[in-house]
Structures are given as C-alpha cells and as structure tokens.
Amino acid sequence: MARMLCLCMFLALFSALPAQTEGELTYVDEDGALRNAPLEGTVLLPFTGNYLSVMNSGYVAVKVEKADCSDQGEHVYREEDKIDQVVFTGSTIEIHLRVYDNCCYDFLWDPCLSDDGILDLKYTGYGSICGCRCCFGHVITFEKEYDPDDPVEIREIRVNGKGSYKVNQATK
C-alpha cells in the first residue's frame with residue numbers, strides 16, 4: 001500500500017512538471033530528479049562561475065558556431081589559437097577565431113570576464129582521439145541584455161589565457 005501511494009505521488013509530481021522542449025538546459029530523469037541536459041557538440045557551458053562573470057556585466061552568449069575542419073596540413077601543428085576579428089554592432093559582440101586541436105573534437109566553451117576587462121574565451125576539447133590536428137573556425141556571439149550598475153568594460157580578449165586582442169573603444 002505504501003509503495004502504491006509513493007508511486008502515485010511520484011506520478012503526480014512528474015506529470016505536474018513541464019516537459020522538456022528542445023534547447024532547454026534541464027530535464028527530469030526517470031527518478032523524478034531535475035538534472036542538467038546532456039551536453040552534445042560544441043556548446044557554451046551554462047551558468048558556470050566563469051560564465052556568470054560575463055553575465056554579471058550584462059552580456060549573454062546567444063550563439064556558438066563551429067565550422068568543420070578546414071586545414072590538416074603540417075603547419076597546423078605549429079599554429080596557435082587566434083582571434084581573427086571582433087565585430088561590435090549595437091549591443092552585439094561577434095568574435096571570430098581559429099582553434100587548432102584534435103580533428104575529432106567538439107568544444108565546451110567557458111568564457112570568463114575579469115574585473116580588469118579581460119574576456120578569456122576558455123575551452124576544453126572533447127570527443128574521440130584522432131591522429132590529426134585541424135583548424136576549426138568558431139564564431140561566438142554575445143549580446144548586451146542589460147546595463148548593470150557597475151559594468152566591466154571589455155578591453156582585451158584572449159583564448160585560453162593566451163594571445164591578446166585589444167578592443168578599440170572607438171569601435172564599440
């Protein structure tokens with residue numbers, strides 16, 4: 001009897017929760033617990049401490065795109081990740097960059113904005129291990145959603161703590 005009562009309560013709770021739609025970050029597992037949706041492909045990690053530092057300045061990531069492997073020549077083994085271009089249009093920042101890594105990887109992005117205005121686009125490659133290295137083009141788009149009381153101005157952008165792309169304040 002107690003088991004039947006628990007089962008009925010579980011079913012009532014489960015049916016009261018909204019169903020997951022495509023793009024949501026959470027789901028309810030078979031035990032009725034709220035869980036994070038599994039990560040798949042190249043994504044921005046949601047609501048990490050690093051990403052919250054970006055959100056606290058009023059920015060949210062609206063899109064992360066990865067192009068297919070574009071170059072597998074010998075020279076890619078000597079290349080470093082690089083920011084090609086940063087485009088400011090109104091309230092949007094679009095960052096175009098190249099990442100050199102394992103041919104079979106997707107990427108988990110975890111951007112961080114320091115108090116001194118350095119936006120560090122941190123990533124971790126994951127997936128299958130292949131015996132080659134590729135150049136992947138990425139575009140990460142941030143949008144200014146609100147103006148906080150004490151905003152941090154982005155003055156420099158890096159990839160995994162390396163390189164430096166100085167932001168020209170006049171182009172913002």
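What the table shows:
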{"quantity": "Verdict on residue 91 being polar (S, T, N, Q), in contact with a strand residue (DSSP E or B) (Cβ under 8 Å, 6 or more places away or on another chain) and at pLDDT below 90", "calculated": "no"}
{"quantity": "Qualifying residue in segment 98-112 (condition: in contact with a helix residue (DSSP H, G or I) (Cβ under 7 Å, 6 or more places away or on another chain) and among the acidic types (Asp, Glu))", "calculated": "yes"}
{"quantity": "Residue list for segment 88-106, restricted to those being under 11 Å from residue 141 (Cα atoms) and of a type in the set (A, V, I, L, M)", "calculated": "93, 95"}
{"quantity": "Residue satisfying all of: in segment 96-122; open to solvent by less than 30 Å² (accessible area, probe 1.4 Å) and of a type in the set (Phe, Trp, Tyr); nearest to residue 82 (Cα to Cα) among these", "calculated": "100"}
{"quantity": "Hits in segment 68-81 (condition: open to solvent by 50 Å² or more (accessible area, probe 1.4 Å) and either within 17 Å of the chain's Cα centre (by Cα) or free of Cβ contacts under 8 Å to residues at least 12 places away in the same chain (or both))", "calculated": "74, 75, 78"}
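The values are calculated or read from the model by the stated rules, or taken from the named source; none is laboratory data. Just so we're clear, the structure is a prediction, and the values are computed from it rather than from any experiment. Counting neighbours? That spans all protein chains shown, and the Cβs are built from the backbone with ideal geometry, glycine included. Ligands, DNA and RNA are excluded from the accessible area calculation, which covers all protein heavy atoms including side chains. Shrake-Rupley method; radii C 1.70, N 1.55, O 1.52, S 1.80 Å.
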